[in-house]
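Okay, so here's the structure we're looking at.
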Amino acid sequence: MKTSRTTHQGRGLRRILGVAGAVAGAALIASSLTTITATAAPTAVSAAASELNGYRNVGYFVQWGVYARGYKVKQIDTSGTAANLTAINYSFGNIKNDTLKCFIANKAQGTGPTGSDGAGDAWADFGMGYSAADSVSGVADTWDQPLAGSFNQLKQLKAKHPNVKPIISLGGWTWSKNFSKAAATDASRKALVSSCIDLYIKGNLPVIDGRGGTGAAANVFDGIDIDWEWPGSPNGLEGNYVDTANDARNFKALLKEFRTQLDAYGATIGKHYTLSAFLPANTADIASGGWNDPEIFTYLDYGNIQGYDLWGAWDPTLTGHQGNLYKDPADPRPKKFDVDTAVNAYINAGIKPSQLGLGLAAYGRGWQGATKSTPWGPATAAAPGTYEAGNEDYDKLKTLGTEYYDAAVGAAWRYDGNQWWSYDSPRTIAQKADYIVAKGLGGGMWWELSGNKDGSLVGTLATKLKAAKTGPVTTPTTPTTPPTTPPTTPPTTPPTTPPTACSAPAWSATAVYTGGTVVSYSGNEYTAKWWTQGNTPGSSDPWSLTKSCTTTTPTTPPTTPPTTPGANAWSATAVYVAGATVTYGGLTYKASWWTQGDTPGTSPWGPWKVV
């Protein structure tokens, strides 16, 4: 049975300041402004299997968007947006207030400090049945299938668009309350991480209203995004637990635990799982949480910097920019914010630009009673919004009044004589895309996809990045079959009688298969359990192994190459970072990422590569 929520307000709110306050003074300095009209959406470009011309393009998909917003996963496909994305962050997963573990339930989000306690939406996650018209696959859900809802739609989207990785995002503005407690001890960290992997990566869902069960959501999510707002800082939501003395240290240890357990589980199936994070822009929050410690980026694949909510109608009397790229000399506030300062806070701390993504807004923040078209003018109240006062989707703002753009500040806004809205427009997105390329950043991130249903803004960024010089992102390769441990002594002579060759047609990533279809792949034959497209045999649920066979005769293995002088012998207890070299079994290996306890040579897709 579906449980409705009382409100979704604030779930996506990521204000850079936790305490709203009036700002005295409104001295304005003239800027070079340009009045422009709306532009047509660019044509979507295709993405590579794991990146977009060396860049990431990550979009948040909100759990509650399937209700009043009417935004379902299928629209990511039909709008062309899926072809322009590299990852979809599903928002959000909650941490239980009493167990301090990941969980899913049907309980409405309440208000006040205890409003998030036990809150969840299993109905949207995996309970809601989809018609053929609303389903990515074009096939209606049945009443008795264990996985439905958005999780199943994401699985279908991934089958159709292997370039897109669904990632579960934990926390957010409203559900970050229990991170501090869960991260406080080694035991609690291990328990939290284990529960999140069990629930979202292994897919062991609770049984609710006939849906769910062991492995029901296996192979839906390709990683975990940490959205703790904010460790060590009082600037999060009222009621959040904060340990100003220990959160930064515990946060780093939590990321290490996520990396360790994700790698350990991934090694058993030959897969690298993504670990990402949402990064603050406020330098005070960066420092209090230790976000600028390069060590945490040995655990994270990447992080996305908050590039929006730099200002909003929590001060209803002063208009201003919510996502300006550079400082505005007209800004009268004592504490000024801009995207460039936030980005440099990470880079100057020694963090690789390639591991940083720039957050972009598919919505705007606005005021009413504004008497000036220029920013930092007087206003009387938050502008009316469809779901929240002072907040509105890009789709509903893009034709309101007149648009203004200041290239020197990297900001756009709209004004109709009463309402004044700050937002990202095609011009600011194009400018920020150039900034991403010039700074060597890893790409962009969107909050959130339902604000731009036709994907025109997402496409603007993708088009610019696709046409730019090749970006810096290198993504670990996902293997097609699980690794096996090689024999201690490899055979020197091929078998006298070669095994029987596969007779079934070869599997194709673009073909559609129905239940009972037999294909051959990588020396085996597989039978489809149900409809599937793009799911690689041997690494995903729809395929069951029918028989082993081969089409080639093994060859005599090569002799052992010499080891590299100066490399130390591998140790199971030592910690190695990317670039470290070791010797093991007569070979020299180089670490591709942080690792501990992963035996070199046991997995061709693990952290160790033969030099």
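The values are calculated or read from the model by the stated rules, or taken from the named source; none is laboratory data. Source: prediction; values computed, not measured. Positions of Cβ are backbone-derived with ideal geometry, glycine not excepted, and every protein chain shown enters the neighbour counts.
Those helices (runs of 4 or more DSSP H) of the stretch 102-198 in which 3 or more residues are among the charged types (D, E, K, R) and closer than 22 Å to Trp230 by Cα occupy 186-196. Hey, does the stretch 138-146 have a residue that's under 23 Å from the mean Cα position of the chain (by Cα), among the aliphatic types (A, V, I, L, M) and in the same structural domain as Ser180 (by TED's automatic domain parsing)? Scanning the stretch 138-146 turns up no residue that is under 23 Å from the mean Cα position of the chain (by Cα), among the aliphatic types (A, V, I, L, M) and in the same structural domain as Ser180 (by TED's automatic domain parsing).
The set of residues in the stretch 139-169 that are under 26 Å from Ala462 (Cα atoms) and either of a type in the set (A, V, I, L, M) or touching a Lys or Arg at 6+ places or on another chain (Cβ under 9 Å) (or both) comprises Ser150, Gln153, Leu154, Gln156, Leu157, Lys158, Ala159, Val164, Lys165, Pro166, Ile167, Ile168.
Just one residue in the set Ser131, Ser150, Ser135 is at pLDDT 95 or above, closer than 27 Å to Phe258 by Cβ and assigned by TED's automatic domain parsing to the domain that holds Asn106; that residue is Ser150. Ser422 passes every criterion in (1) closer than 20 Å to Leu461 by Cα; (2) assigned to a loop (DSSP other than H, G, I, E, B) apart from (2). Going by the conditions given, is Tyr394 within 31 Å of the chain's Cα centre (by Cα) and either of a type in the set (Val, Ile, Thr) or under 29 Å from Gly455 (Cβ atoms) (or both)? Yes. Suppose we keep only residues that are farther than 25 Å from Pro542 by Cβ and in contact (Cβ under 8 Å) with a residue 40 or more places away in the chain within the stretch 187-205. Which one would you say is farthest from the chain's Cα centre (by Cα)? Among residues in the stretch 187-205 that are farther than 25 Å from Pro542 by Cβ and in contact (Cβ under 8 Å) with a residue 40 or more places away in the chain, the one farthest from the chain's Cα centre (by Cα) is Ser188. Considering only residues that are of a type outside the set (Asp, Glu) and within 12 Å of Leu157 (Cα to Cα), look in the stretch 54-79 and name the one that is surrounded by the fewest Cβ atoms within 10 Å (Cβ to Cβ). The residue in question is Thr78. Within the stretch 437-460, residues that are of a type in the set (D, E, K, R) sit with their Cβ atoms under 7 Å from residues that are at pLDDT below 95, at 6+ positions apart or across chains, in these pairs: Glu448/Gly12; Asp454/Ala41.
Quick grid of which residues meet (1) farther than 27 Å from Met128 by Cβ; (2) part of a helix (DSSP H, G or I); (3) without any contact (Cβ under 8 Å) to a residue 12 or more places away in the chain; (4) β-branched (Val, Ile, Thr):
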| residue | (1), (2), (3), (4) |
| --- | --- |
| Val207 | no, no, yes, yes |
| Gly212 | no, no, no, no |
| Gly232 | yes, no, no, no |
| Gly236 | yes, no, no, no |
| Val242 | yes, no, no, yes |
| Leu275 | yes, no, no, no |
| Ala281 | yes, no, no, no |
| Asp285 | yes, yes, no, no |
| Gly307 | yes, no, no, no |
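For the stretch 571-583, the tally of residues that are at pLDDT 75 or above and either within 21 Å of Thr268 (Cα to Cα) or in a loop (DSSP other than H, G, I, E, B) (or both) stands at 5. Being surrounded by fewer than 23 Cβ atoms within 10 Å (Cβ to Cβ) and not in a strand (DSSP E or B) holds for only one residue in Leu400, Leu441, and it is Leu400.
Tell me, yes or no, whether the stretch 253-260 has at least one residue that is within 30 Å of Asn152 (Cβ to Cβ), touching a Pro at 6+ places or on another chain (Cβ under 7 Å) and not basic (Lys, Arg). No, because not a single residue in the stretch 253-260 is within 30 Å of Asn152 (Cβ to Cβ), touching a Pro at 6+ places or on another chain (Cβ under 7 Å) and not basic (Lys, Arg). Does Ser188 qualify as being assigned by TED's automatic domain parsing to the domain that holds Val242, polar (S, T, N, Q) and surrounded by fewer than 23 Cβ atoms within 10 Å (Cβ to Cβ)? So Ser188 fits the description; yes.
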